[in-house]
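What follows is one structure encoded as structure tokens, with my remarks underneath.
The values are calculated or read from the model by the stated rules, or taken from the named source; none is laboratory data. Computed from a predicted model, the values in this text were never measured in an experiment. Reconstructed Cβ throughout: ideal geometry from the backbone, glycine too, with neighbour counts over all protein chains shown.
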Amino acid sequence: MIKIDKEKLGLQDYFYIGYLYLIILGIVSDAIYYGIFGVSYLNYTTILDALISPISLLTNNWFISLFLSFMFWLMYMYFNNWMFKFYRYLRVKKWYKKVYNLEKMDKKYAQLEKKNNIIPGMMFVFFLLFISMRTGMALGTKSKYAKKEIIPNYTLVFKDNTRLDVRKVGQNSAYFFYFIPGEKVITATPISDNLKQIKVLKNKKK
């Protein structure tokens, strides 16, 4: 795991690390999400889309934001406090003394307390959690649409004034991804070149 010395990092360094982290998180999570639907998402995205994607997902889904915030807090408490308290609780147990070498374990946990790896550790775990969540969302959506009729929730108005009721799957700065009722493959339509309006069908969300 990458070690980050916080004492040697300035504000600009944190900004750069966060920038790269969001881009990688956005690219990987979106590539997996759309890849499950058979779409080569890297052909439709930009660096800006990748950067904004995780932020947009969290700000537009309060339940997901609360869940990930709660999990992030649990991870912080575990790595920063609970892990060591749990070890101190276990090391006095007879069965634990028989199974583990306390001298080695004491040195190991003493080194962990001195190291400052909580930030990269939490970033790595959050990355896995976010990717797992996006994968689950895609698999759940694909399974639901395979078994049930696809009900439109948006109306696309094209520049020639034709209209099409569709089921939205996702969107970035350049493309709108959707299912056409009766079809099982995703269509990606360039927004600026083809669409005049994107209207929500409020009474047909599901």
*Just to be sure, is ILE131 surrounded by 14 or more Cβ atoms within 10 Å (Cβ to Cβ), at pLDDT 90 or above and in the same structural domain as ILE24 (by TED's automatic domain parsing)?*
yes
*Check off (1) under 21 Å from LEU128 (Cα atoms); (2) loosely packed, with under 11 Cβ neighbours inside 10 Å; (3) modelled with pLDDT under 80 for PHE70 and give me the number that stays unchecked.*
(3)
*Among the residues of segment 152-182, write down those that are of a type in the set (D, E, K, R) and not in a loop (DSSP other than H, G, I, E, B).*
ARG163, ASP165, ARG167, LYS168
_Every residue from segment 159-177 that is surrounded by 14 or more Cβ atoms within 10 Å (Cβ to Cβ) and without any contact (Cβ under 8 Å) to a residue 60 or more places away in the chain_ = LEU164, ASP165, VAL166, ARG167, LYS168, GLN171, PHE176
*Of ILE47, ILE52, ILE64, which residue is surrounded by 12 or more Cβ atoms within 10 Å (Cβ to Cβ) and at pLDDT 85 or above?*
ILE52
*Residue that is farthest from the chain's Cα centre (by Cα), among those in segment 15-32 that are at pLDDT below 90 and either hydrophobic (A, V, I, L, M, F, W, C) or surrounded by 14 or more Cβ atoms within 10 Å (Cβ to Cβ) (or both)*: PHE15
*Any residue in segment 76-91 that's more than 18 Å from MET123 (Cα to Cα): show its pairings with residues that are at pLDDT below 75 at Cβ separation under 6 Å, as long as the two are six or more apart or on different chains.*
TYR87/TYR109
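Residues in segment 135-151 that are in contact with a Phe, Trp or Tyr (Cβ under 9 Å, 6 or more places away or on another chain) and either assigned to a loop (DSSP other than H, G, I, E, B) or free of Cβ contacts under 8 Å to residues at least 24 places away in the same chain (or both): how many?
Qualifying residue count for the region: 1.
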